[in-house]
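Just below is one structure, and these are the notes that go with it.
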Amino acid sequence: MKDFNQETRHLLEWYEVSRSPYPQFTDNSLSLYRYAVYMAAGGREKEFLCRDEQLTRLVMKGYERKEPCAVELRHRAITWGVQAAYYTAFAGWLTNCWGIVPLVDMLTLCSTREINTEDPEKAVYDLAYLYEKMIMRSRSNGGYEVGVADLWRYCEYFHADMVIMYAHMGCKSMSGYHGLFEEEARRHGIHLVWATHGLMDARGVGRRDMRTEVNRYMRTVLREEPLDPSLEDFDDEKAW
């Protein structure tokens with residue numbers, strides 16, 4: 001638990017840098033790594049803590065040098081909802097094509113509270129909270145407060161002006177919030193871009209369809225041009 005607490009402190013340090021004008025740990029590099037740390041390792045494997053220390057040094061080095069994390073950071077984004085598992089490169093495409101830099105995603109924003117390692121009774125309650133806030137459980141099934149309201153608090157915290165909303169066709173709990181997300185985004189002045197997908201199955205809505213939804217929004221609503229026009233539309237049907 002002490003190791004896991006240290007891993008949590010590293011995560012919070014990365015978040016602080018992500019709040020700045022020079023975020024370093026972006027796209028899916030943070031989310032995929034954090035899933036493994038939180039769900040698989042959970043403080044039980046020392047190698048992860050060593051990697052955390054290395055990552056923190058790299059993050060701070062880039063931040064101190066004010067190194068840009070993208071060719072152009074046009075929009076600071078949060079990705080919300082359940083990602084398309086068949087398209088992990090989507091976040092990188094957003095950055096390279098449109099300058100939309102995903103700072104953090106919904107599933108990474110799980111428990112950030114340390115566990116009491118001195119009082120056994122308090123430790124049990126902290127562990128219960130850890131499981132309560134685990135990936136997927138709290139957000140998509142936890143009700144309005146953590147499914148919808150938390151999003152706008154995080155937008156303010158990370159100074160985000162855009163939300164990429166993953167709309168998994170099979171997730172009925174998040175789909176029920178569709179109108180609320182639209183209404184609240186307008187109220188908070190946040191650009192909300194829907195990216196429909198089928199989680200594990202690209203046959204219904206593929207990678208190209210997801211990109212098309214973003215392309216249409218960027219061109220018709222924001223009237224922007226892509227950073228790299230060659231990335232706007234391409235055939236990757238056989239990318240599997």
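The values are calculated or read from the model by the stated rules, or taken from the named source; none is laboratory data. The structure presented is a predicted model; accordingly, all values stated were derived computationally and were not measured. Please note: Cβ atoms are built from the backbone with ideal geometry, for glycine as well, and neighbour counts cover all protein chains shown.
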For the structure I just gave you, tell me whether residue 4 is buried (at least 17 other Cβ atoms within 10 Å of the Cβ), in a loop (DSSP other than H, G, I, E, B) and either aromatic (Phe, Trp, Tyr) or free of Cβ contacts under 8 Å to residues at least 40 places away in the same chain (or both).
no
Scope the stretch 80-92; condition over 13 Å from residue 29 (Cα atoms) and of a type outside the set (A, V, I, L, M); matching residues
80, 81, 83, 86, 87
Within the group 224, 237, which residue is more than 17 Å from residue 91 (Cα to Cα), at pLDDT 95 or above and not in a helix (DSSP H, G or I)?
224
Of everything in the stretch 61-75 that's surrounded by 15 or more Cβ atoms within 10 Å (Cβ to Cβ) and more than 16 Å from residue 29 (Cα to Cα), which residue is farthest from the chain's Cα centre (by Cα)?
63
Looking at residue 70, is it part of a helix (DSSP H, G or I) and either closer than 17 Å to residue 160 by Cα or free of Cβ contacts under 8 Å to residues at least 60 places away in the same chain (or both)?
no
Just the residues that are more than 23 Å from residue 137 (Cα to Cα) and assigned to a loop (DSSP other than H, G, I, E, B), please, taken from the stretch 195-208.
202, 203, 204, 205, 206
Could you tell me whether any residue of the stretch 39-56 is loosely packed, with under 15 Cβ neighbours inside 10 Å, within 18 Å of the chain's Cα centre (by Cα) and in a helix (DSSP H, G or I)?
yes
Kindly evaluate residue 166 against the criterion of being under 29 Å from residue 73 (Cβ atoms) and touching a strand residue (DSSP E or B) at 6+ places or on another chain (Cβ under 6 Å).
yes
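One line per residue, one yes/no per condition, for (1) within 19 Å of residue 105 (Cβ to Cβ); (2) surrounded by fewer than 19 Cβ atoms within 10 Å (Cβ to Cβ):
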position: 159; (1), (2): yes, yes
position: 190; (1), (2): yes, no
position: 204; (1), (2): no, yes
position: 217; (1), (2): yes, no
position: 221; (1), (2): no, yes
position: 227; (1), (2): no, yes
position: 231; (1), (2): no, yes
Residues of the stretch 161-184 satisfying the condition of being closer than 25 Å to residue 92 by Cβ, surrounded by 15 or more Cβ atoms within 10 Å (Cβ to Cβ) and at pLDDT below 95:
165, 166, 167, 168, 171, 174, 181
What number of residues within the stretch 83-106 are of a type in the set (A, V, I, L, M, F, W, C), crowded, with 22+ Cβ neighbours inside 10 Å and in a loop (DSSP other than H, G, I, E, B)?
2
Filter pass, residue 149 being more than 20 Å from residue 84 (Cβ to Cβ) and touching a Leu at 6+ places or on another chain (Cβ under 9 Å)
no
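Out of curiosity, is residue 148 hydrophobic (A, V, I, L, M, F, W, C), in contact with a helix residue (DSSP H, G or I) (Cβ under 7 Å, 6 or more places away or on another chain) and at negative phi?
Judged against the criteria, residue 148 is a match.
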Output for the stretch 8-26, where each listed residue is farther than 19 Å from residue 115 by Cα and of a type in the set (Val, Ile, Thr)
17, 26
